[in-house]
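Only one structure is covered here, and it is reproduced in the block below.
Read-outs throughout are calculated quantities, based only on the coordinates presented, and are distinct from any laboratory measurement. In this text the structure is predicted, and so the values were computed from the model without any measurement. With ideal geometry, Cβ positions are generated from the backbone for all residues, glycine too; neighbour counts draw on all protein chains shown.
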Ligand SMILES: Nc1ncnc2c1ncn2[C@@H]1O[C@H](COP(=O)(O)OP(=O)(O)OP(=O)(O)O)[C@@H](O)[C@H]1O
Ligand SMILES: [Mg+2]
């Protein structure tokens, strides 16, 4: 589904965090939002996910404003994956991932169907964590927890996936693997995927489009090569860099010195 | 293991725990019916049941056994109400240390009841309205605690300390008020404050059953939203639930359940803390399973606590308040949870 963000403005109390943010993501695209700490990436994802309501502007999915839908309907269309969860009460991986099926089951129906279990199992397998299903959330590594969170958003079967820092705690291999999975989902299942990510090289290599934001405003948007210029990075991150083209895959960004 | 097998296993474990809980409950009830100041024992109880089933002629001790039954049923229903209230309070605050009594629901409920006795005693002529008054009191108490905790930064510890502040203030008030109204209620001051089943009547059973029925049904409908809320407000709202609405309904139900027990029995602490944890130890943290199992465990535990009360009371004058027993069991458990939580 096509996501259209139109003139979004968001405030935490009186602090303006998003200022006239406007962009489009087409069906089947994987788009990365990049920008320094505190730029407003998480806030933007939450505004699209209808967790936060923008003061101005709107988010349309295939021409329909998400705020005009019933919350349960919206939860079947967009899903948001947080960076981490605080596990309490001995909850297990299965407990958590099962909640992804709630928007798809009748609210008064107490237990999941066989089909729901199959979808959850499929999602866990896809991320290589089926063996963790019965483990407590507090007793797995941060990287494993991150894959659990991704399995949950996949099990929710949304059309638009909004993922906050999907690779933050992952090792070299899983970083690539997770990005491969996301790209595959976007291309094969025609899903729209928007991630907020700090790893610029990964973002450049796997995204169809990058959106660079700084202090709540879009500074640059477009193909990785046009966005990740030394000037743009210097302006937003305050770091002098060299951007080198790898002979085969994407870009290499060499930080030189902070300004 | 395939996931569907794990899921099936969890469901089977749940049903097995429920059956085990019911067996424990029946045993607790039998023990409870067989103990008292008169010497009628288990055999007499079985005779009475045989008579009820139409198998035997009426034994002459039926009246005493019926009295004991009323008392035990009130204990059972109270425990179930408090167990469920504990699950609700812990889930919406995401705090394993939370509990209706510790968060000030009980003492505010008692304060409003005592205040009504003093100001408008006619309202309390009907037991239903007493329950409503206590319900309002409990809700005010919970709201105050949540507000105070918010002001103090909203950390898990701030919530517990806010609860202690609110319950201390209102137990002060309720002590004064209960002292003043003890002649009016013809009940000793201490018993009013600490809870007893010795004055239980048949209508109490009906009333508590209705309260439990309503509370349990709504809690089961809330179980899924509450599961979602355990992972955070944002998480619940991205699944299509409104966290504020879930919190509001859950606090109303927790206040209703706690208020009713305070109005009918008095203040009983720590059941709402211990019971949900016992349930989670057996079957894990899914509220769809924790709510019903907590009702059963809560019921059994209070019936047994009441047995202890009656055994100990036989060696003294008058009646030991049941809260004495639940505190002895519950407070060390609270200390254990506190250490575990604070050490991470
Ligand atoms: N709940 C909140 N209340 C008030 N201010 C907030 C809140 N959450 C974030 N902010 C502020 O809003 C701004 C944007 O925060 P946001 O979390 O969207 O940034 P981000 O780009 O995701 O940063 P990071 O890369 O560190 O995750 C920051 O200045 C932050 O301090
Ligand atoms: Mg962020």
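If you average 1/r over all unlike Cα pairs in the range B:249-344 and invert the result, what Kirkwood radius do you get in angstrom?
Details: mean 1/r = 0.0677 Å⁻¹.
Radius from the Kirkwood sum: 14.8 Å.
Can you compute the FRET efficiency between residue B:118 and residue B:161 using 1/(1 + (r/R0)^6), with r the Cβ-Cβ distance and R0 = 22 Å? Round to the nearest 0.05.
Values: r = 30 Å, r/R0 = 1.37.
For residue B:118 and residue B:161, the calculated efficiency is 0.15.
I need two numbers for chain A: Rg to one decimal and Dmax as a whole number, Cα atoms only, in Å.
18.5, 58
Taking the Cα atoms only, what angle lies between the long axis of helix A:114-126 and the longest principal axis of chain A, rounded to 10 degrees?
Once rounded, one gets 40 degrees.
Within chain A, what percent of beta bridges assigned by DSSP are antiparallel, to the nearest 5? Intermediate values should be presented prior to the final figure.
Details: 27 of 44 bridges.
Around 60 percent of the beta bridges assigned by DSSP in chain A are antiparallel ones.
Helix A:172-188: angle to the longest alpha-carbon principal axis of chain A, degrees 0 to 90, nearest 10?
80 degrees
Where Rh denotes the Kirkwood radius from the mean inverse Cα pair distance, what is Rg over Rh for the range A:178-259?
Dividing the radius of gyration by the Kirkwood radius yields 0.99.
Kindly provide the helix-only [θ] at 222 nm of chain A, computed as the sum of -39,500 (n - 2.57) over DSSP H runs of four or more divided by all residues, to the nearest 500 deg cm²/dmol?
Numbers: 9 runs with 84 residues, N = 259.
-9500 deg cm²/dmol, from helical runs alone.
Rg and Dmax in Å for the range B:204-252, alpha carbons only: what are they?
Cα only, the range B:204-252: 13.1, 43 Å (Rg, Dmax).
So what are the radius of gyration and Dmax for the Cα set of the protein assembly as shown, in Å?
So, for the protein assembly as shown, Rg and Dmax equal 28.9, 99 Å respectively.
Bins of 10 Å, beginning at zero and ending with the bin holding the largest distance: percent of Cα pairs per bin for the range B:31-95, please.
The distribution over the range B:31-95 is 20, 36, 20, 14, 9, 1, given as percents.
Could you work out how far apart the two model spin labels at residue B:63 and residue B:169 are, taking each label as a point 7 Å from the Cα in the direction of the beta carbon, and quote it in nm?
Inter-label distance under the simple model: 4.9 nm.
Among B:257, A:18, A:202, which comes first, second and so on when ranked by fewest other beta-carbon atoms within 10 Å?
On the way: B:257 33, A:18 28, A:202 20.
Neighbour counts put them in this order, fewest first: A:202, A:18, B:257.
Hey, in the GNM for chain A with a 10 angstrom Cα cutoff, which one of A:195, A:25, A:160 fluctuates hardest?
Among A:195, A:25, A:160, the largest mean-square fluctuation in the Gaussian network model of chain A belongs to A:25.
Largest first and in whole Å, give the semi-axes of the range B:92-188's equivalent ellipsoid, each being the square root of 5 times a Cα gyration tensor eigenvalue.
Values: eigenvalues 156, 33, 18 Å².
Semi-axis lengths for the range B:92-188 are 28, 13, 10 Å.
Using only Cα atoms, locate the centre of the range B:274-294 and the centre of the range B:117-144, then give the distance between them in Å, rounded to an integer.
Value for the Cα centre distance between the two parts: 30 Å.
Based on the Cβ-Cβ distance from residue B:2 to residue A:244, what FRET efficiency comes out when R0 is 56 Å, to the nearest 0.05?
Values: r = 48 Å, r/R0 = 0.85.
After rounding, the FRET efficiency stands at 0.70.
If you average 1/r over all unlike Cα pairs in chain B and invert the result, what Kirkwood radius do you get in angstrom?
Its Kirkwood hydrodynamic radius stands at 20.6 Å.
Using the number of other C-beta atoms within 10 angstrom as an exposure proxy, rank A:42, A:192 with the fewest first.
Details: A:42 21, A:192 25.
Going from sparsest to densest Cβ surroundings: A:42, A:192.
Between the alpha-carbon centers of the range A:21-88 and the range A:145-173, tell me the distance in whole angstrom.
Comparing the Cα centres of the range A:21-88 and the range A:145-173, I get a distance of 15 Å.
Full extension from residue A:177 to residue A:6: what is 0.36 nm times the residue separation minus their Cα-Cα distance, to one decimal in nm?
Working: separation 171, 0.36 × 171 = 61.56 nm, distance 3.25 nm.
Between residue A:177 and residue A:6, full extension yields 58.3 nm more.
With a 10 Å Cβ neighbour count serving as the proxy for reagent exposure, in which order, fewest first, do A:132, B:20, B:302 appear? Can you show the working numbers first?
Values: A:132 23, B:20 14, B:302 34.
Going from sparsest to densest Cβ surroundings: B:20, A:132, B:302.
Which FRET efficiency, nearest 0.05, do residue B:56 and residue B:129 yield, Cβ-Cβ r, R0 45 Å? Show your work: numbers first, answer last.
Working: r = 41 Å, r/R0 = 0.92.
According to the calculation, E is roughly 0.65.
What is the spin-label model distance, in nm, from residue A:26 to residue B:179 if the labels are put 7 Å beyond Cα along the C-beta direction?
Taking the simple label geometry, residue A:26 and residue B:179 are separated by 8.0 nm.
Pairing the Cα long axis of helix A:142-155 with the longest principal axis of chain A, what angle in degrees results, from 0 to 90 and rounded to the nearest 10?
Rounded to the nearest ten degrees, it is 70.
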